[in-house]
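Before any comments, here is the structure.
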Amino acid sequence: MNNKLKLSDSTGTFEAELLRSFELDNKTYIIYTKNEIDNNMLKLYVSQVDGNRLVNVEQSKWEEIKQFMRNWINGVNNE
């Protein structure tokens, strides 16, 4: 997969690779990586997006997001 993104957050602009995007309650979220390795595993990030700007995920959404990711990893269609 080669879906490069240019994203920005409170620390500046950076490039990342989009792994998956999805919607919950009419808000768009992305799962992306900066291709960093931590403990021999690829580090993943999840964020809500508004255009190319990252928005903090509301605490109340984390359980739904974690369930979405579990389903995605296990091949369950979340759509």
- Note on the structure: Only helices counted: for the chain, with every DSSP H run of 4 or more residues adding -39500 (n - 2.57) and the sum spread over all residues, [θ] at 222 nm is -4500 deg cm²/dmol
- Task: Tabulate in residue order the Karplus-calculated ³J(HN,Hα) for the stretch 43-53, using 6.51 cos²θ - 1.76 cosθ + 1.60 with θ = phi - 60°, rounded to whole Hz; enter x for Gly and Pro.
- Result: 7, 10, 10, 10, 8, 7, 10, 10, x, 9, 9
- Length-normalised contact order of the stretch 4-73, Cα under 8 Å, at least 6 apart, in percent, tallies to 22 percent
- Message: I need the phi-derived Karplus couplings for the stretch 3-12: 6.51 cos²θ - 1.76 cosθ + 1.60, θ = phi - 60°, integer Hz, Gly and Pro marked x.
- Response: 9, 6, 10, 10, 10, 9, 9, 5, 9, x
- Which one of ASN40, ASN52, ASN26 has the biggest mean-square fluctuation once the chain is modelled by GNM with Cα springs under 10 Å? ASN40
- Query: Most exposed first by the Cβ proxy, i.e. fewest other Cβ within 10 Å, how do PHE22, PHE14, PHE68 rank?
  - Reply: PHE14, PHE22, PHE68
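We did not get these values from a lab; they are worked out from the coordinates using the rules stated. Owing to the predicted nature of the structure, the values given are computational and were not obtained by experimental measurement. Here Cβ is always computed from backbone atoms with ideal geometry, including for glycine, and neighbour counts include all displayed protein chains.
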